[in-house]
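Structure first, then comments.
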2 protein chains.
Amino acid sequence: MNIKVKLILLILAYNVDGWVWQCEQNNNCVRTEKSPNYTYPSINTCRLACGSFRSLWPQPTGKVALSQELELIDIRDLQIVINAQGDAVQYLDKVSDYFKELLNMEKTNCDIEAKKLKIVLISTSSDVNLLWKTDESYSLKIETDNEIKATITGPTVFGVRHGLETLSQLVTKYKISEQKSCLVTLKNGKINDTPAYAHRGLLIDTARNYQSLSTIKRHIDGMASSKMNVLHWHITDSQSFPLVSTRIPNMSNYGAYSEKQTYSPEDVKDLMDYALIRGVRVILELDAPAHVGSGWEWGPEAGLGNLGVCIHQQPWRSYCIQPPCGQLNPMNPNVYKVLELLYQDFVDLNPNADMFHMGGDEVFIPCWNSTNEITDSLKDRSEKAFLDLWASFQQKALDKYDKVRNNHKTNLILWTSHLTNPAYIESYLPKDRYIIQTWVPQEDELPKELLKLGYKLIISTKNKWYLDHGFWGTTPYYNWRAVYNNIILRGEGVLGGEVCMWGELVDNQNVLQRTWPRAAAAAERLWSDPSTTSEQAENRFFTHRDRLLFRGINAEAVVPKWCSQNEGKCNSYLP
Amino acid sequence: MNIKVKLILLILAYNVDGWVWQCEQNNNCVRTEKSPNYTYPSINTCRLACGSFRSLWPQPTGKVALSQELELIDIRDLQIVINAQGDAVQYLDKVSDYFKELLNMEKTNCDIEAKKLKIVLISTSSDVNLLWKTDESYSLKIETDNEIKATITGPTVFGVRHGLETLSQLVTKYKISEQKSCLVTLKNGKINDTPAYAHRGLLIDTARNYQSLSTIKRHIDGMASSKMNVLHWHITDSQSFPLVSTRIPNMSNYGAYSEKQTYSPEDVKDLMDYALIRGVRVILELDAPAHVGSGWEWGPEAGLGNLGVCIHQQPWRSYCIQPPCGQLNPMNPNVYKVLELLYQDFVDLNPNADMFHMGGDEVFIPCWNSTNEITDSLKDRSEKAFLDLWASFQQKALDKYDKVRNNHKTNLILWTSHLTNPAYIESYLPKDRYIIQTWVPQEDELPKELLKLGYKLIISTKNKWYLDHGFWGTTPYYNWRAVYNNIILRGEGVLGGEVCMWGELVDNQNVLQRTWPRAAAAAERLWSDPSTTSEQAENRFFTHRDRLLFRGINAEAVVPKWCSQNEGKCNSYLP
């Protein structure tokens, strides 16, 4: 090893806390007493120099060559040069500000000799729209002579953003004495990186319980830190309708838990901007025709008839899967008029969206079957009759959406359901319009069958990536290793996957803890799709959990601290 | 119902948020649109008037008679009269300050006619030592004429404190308009109350992961709000030794995760004071001879030989149950000298303690059996030989503790272990000295057998009250209903029980959420020991969760908010 010995000796002389870290064989950083051998003043510094992927999360998929030599940074002398065109310039300007904020979080007092850091950002394309087809690859090169120069090149601004995120993970604090500390990075390095999947998502559910804007921003920060790129926002359900609709204020007037527990259009747009700078796009879901109720009660009063049926009906077990009950009334033409207005609201929130999530899960036949208004117009009460009714609702909803989008033929996402049964999905849901989000267990063949039929898929493995499990019924909790080790279907039609944090048992108090750092485990599966397992990832993962905390995301503990201070010494504990 | 109609009408005229609450049959408060019928402006106000126990948590065990009529409080005119002697005066003074702080958390702006609240606190005894034999009963009487007068009487200050806690739960905010709100309480009421069990505990573990002083204070606040009275502090383990020992600084120098992640004697004493004002005593545990390691490494360097054996030894599975390994060396006489010094430190922290927890769980024979220093002096390597060795360690440790306490014959608590096997416990552990804390599953007969032998017990039902379960191995998570419905052994020798929040997978980020509100469910089991189940308690429990949040304890969500806004409408959902 070729190390800056002078600097290290200085550290040994001044280190206060008694402990130093050593990069052992197997690339473990282990806490040890001060010794004349080469050691690092903190685990983060050790991680920066130890192992082929250091503390990078997710691990890069291309060529990685990183020096073990470190360089102190004079952060007062940071220069970022943007080499791009059009909208890309402003975008990268904002990303640079975000990067600077990250660096400034580390309070340092570096009055010893250190080098200037110059960063060059090069984006080929000027496009700032994040889509499935967006190329998110990047290359990062660090070289040092009189100054440290980091060059990040990408075909799009989103690739460049990921490169900057990678660079931020290669900078840490170097404590020289109780008073003195500097930022430090690698002297040299080269990384080529590109994601395995285009869709790397997290679902949040703000209908079962409300989440504040600040909580949602912390989710986005966690995603940005882990290179996830889709926030799937399940914003309404039978429990509440917190979205303020400009065209139909009654939705949230009736449907929100309180006036404060709402999202205005401005709130949503601000969040979308906040997300985009962090490489994340927001997919809004308006679930229908089931999973509605609160917010849809005002039809009769307004002379529009019953927009929903079974709303809040009791005993709930007869009319729905989860209280409170409610389904849209497919027989009432006003339902489609209301949907059209709501769709217009949703499109206003994101006029360039190439997708929209229409929900479409868990229609509960007994609800419709108990409603005369519906059964009176059905030719019979067979399952097929109800499925046809449901499919016809879906078609009418689609027509309204297409009308609102001026026939743009936006991609629509639907959950797997009775309608997506491979035996008849093709007669109900055209594959050039619908992308299917599967939520079946790992061992279920459904995703494979739908893929074979030619449908594009988003995979949410129910018995691995449903982060709400473990707290109700007999569902188990999936620890970060289970989440990490969940290898999903591969193939051209597989856009990617999503971890789902359903909201029944989480709100501002515990949702970040329950989501993080587990969502980050899925992030590496989706970005890197490694052939290795969680055991090879744990050193980096423990550091990434600390990184999330440092960045304000309240990620839960995953081991006794002794195990993260002594990497590799708790082998196969908590498998 | 005899209601103050004038006040209610005022509210209906001004209520902003669109929703009001109604006390339905079955004592459910349900969200409803404004109506000319009698309704409440918030669920908390509704809860104050609805049901025999209103929102009291835990439910009182004696006579309860509460009016439905409410009275507005002019909080600027609060008077607390203390009728007590000696130390009790100062204690109740501090409790009064705590109570005032609780009331001041509700920001009100009450410029309409409201009444003075006068509180009289009467304690018979002047004793301010909280022990198992302490009588914690109280009676509370609320009467209103020109003023609201609340009289709280108890045989001890701790009973009076509980009475004041009860009163605080009978005060809430009454929103009159967007600008105006007052505190409100009952016009009349009478409660007699006394706990079912003397020992109502929560175990925290700050050795696997560190918890800040502020986190521990929030635990204590949660306990005070739920009338729990024992914080069992598992302060050291093999992973770390965060307690700063005055006599042996090496313990935390070697054993703490970092200099900052320690507890000074002053920290501990401050916490004990903080707790006592909240009706909680702190029981410190120094676990031995197993569950040690970090902090015990310096023996050889100091010329004292190996104080511990197998410390941090690998592969850990051969030498301990959980990494890192370590057990005390019973053959080294210096171990007992060090223990004596540590005991002296522990006694200094709490000179009047009538108990001390000596741990004593999970000795792992293969560790001792692999150590020549130990096996060379054993007559054979039979299980009995090791148990005898363990028992002799325990006796020597006890002798040292007694020496430090000048032969005070303090009660010692030990976990169940091989030594507490009913077949031979009596030959190892004298029942006039040792209280046994059982940690076996609900169906295990061990507690019954030990009780029959005459041992006093503290019950920690492993498959109901181990709040850390659900996140490792195949252990399930016990939701608040399971915790609540856990009926523990009854009988004179049963001091009570403890919920245990072991620290492997919790730290400052998630420990409050994982502990609360579930610990509060155990609190009602231990205070009230109701014959009813969680279903009868849920309305109060949901309100209590909100109360914990309001008081700064980050209790996790237990239902979709719709269910707590619409009591009784989610029946048998999430059982």
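FYI, it's all coordinate maths here, none of it is from the lab. Computed from a prediction, not measured in an experiment: that's the story for all the values here. Positions of Cβ are generated from backbone atoms using ideal geometry, with glycine treated the same way; all protein chains shown enter the neighbour counts.
Some notes on this structure:
- Here each label is just a point 7 Å from Cα along the line to Cβ, and for B:Asp380 and B:Lys431 those points are 3.0 nm apart.
- Overall size of segment B:3-193 from C-alpha positions, given as principal axis extents largest first: 53, 35, 26 Å.
- Förster-model FRET efficiency, 30 Å R0, B:Ser572 and B:Leu489, C-beta, rounded to 0.05: 0.60
- Taking one quarter of the surface of the convex hull spanned by the alpha-carbon atoms of segment B:222-349 gives a direction-averaged projected area of 8.5 nm².
- Taking the empirical scaling 2.2 N^0.38 Å for compact globular proteins as reference, chain A has a Cα radius of gyration ratio of 1.05.
- Other residues lying with their Cβ under 15 Å from the Cβ of B:Gly473 contribute a combined charge of +1, Lys and Arg counting +1, Asp and Glu -1.
- Cα coordinate range in segment B:291-445, projected on the principal axes (Å, largest first): 43, 40, 29
- Unpaired Cys in chain B, meaning no second Cys C-beta under 4.7 Å: B:Cys500.
- For segment A:408-509: Kirkwood Rh in Å [reciprocal of mean 1/r, alpha carbons]: 14.6 Å
- Note on B:Asp111 and B:Lys133: their simple-model spin labels are 5.7 nm apart, each label 7 Å out from Cα toward Cβ.
- Links that overshoot a 22 Å alpha carbon limit, given the list A:Lys141/A:Lys175; A:Lys175/B:Lys260; B:Lys116/B:Lys173: A:Lys141/A:Lys175
- Neighbouring partner chain Cβ atoms per residue of B:548-560, average, 10 Å criterion: 5
- Counting every other Cβ atom within 10 Å of each residue's Cβ, A:Cys500, B:Cys46 order from fewest to most as A:Cys500, B:Cys46.
- Principal axes of segment B:111-210: Cα extent on each, largest first, Å: 51, 39, 22
- On a per residue basis, the convex hull of the C-alpha atoms belonging to segment B:199-530 measures out at 131 Å³.
- Gyration tensor verdict on segment A:178-231 (Cα atoms; rounded if a/c is under 1.5, prolate if a/b is larger than b/c, oblate otherwise): oblate
- Under the criterion of Cα pairs below 8 Å and six or more residues apart, the relative contact order for chain A equals 14 percent.
- The Cα center of segment A:448-515 and the Cα center of segment B:195-251 differ in position by 36 Å.
- Volume in Å³ per residue [convex hull over Cα atoms, computed for the protein assembly as shown]: 182 Å³
- Sorted fewest first by neighbouring Cβ atoms within 10 angstrom, A:Ser181, A:Ser225 come out as A:Ser181, A:Ser225.
- For segment B:450-548, alpha-carbon Rg and Dmax in angstrom: 14.2, 43
- Plainly put, the tip 7 Å out from Cα toward Cβ on B:Lys260 is 3.1 nm from that tip on each other copy, the closest given first.
- Shortest-first distances to equivalent copies, position B:Thr475, nm, label 7 Å out along Cβ: 2.2
- Legend: mean number of C-beta atoms from other chains within 10 angstrom of residue C-beta atoms, peptide B:504-514, equals 6.
- Shape of segment B:46-131, Cα gyration tensor, a/c cut at 1.5: oblate
- Shown for B:Ser392: label points 7 Å from Cα along the beta-carbon vector, and their distances to the equivalent points in the other copies, 8.9 nm in ascending order.
- Neighbour-count order for B:Val292, A:Val338, A:Val160, fewest beta carbons within 10 angstrom listed first: A:Val338, B:Val292, A:Val160
- Spread of Cα-to-Cα distances over 10 Å intervals beginning at zero, given as percent, for segment A:185-268: 16, 38, 23, 13, 7, 3
- Summarising the label geometry, the points placed 7 Å from Cα in the beta-carbon direction at A:Lys63 and A:Glu373 lie 6.6 nm from one another.
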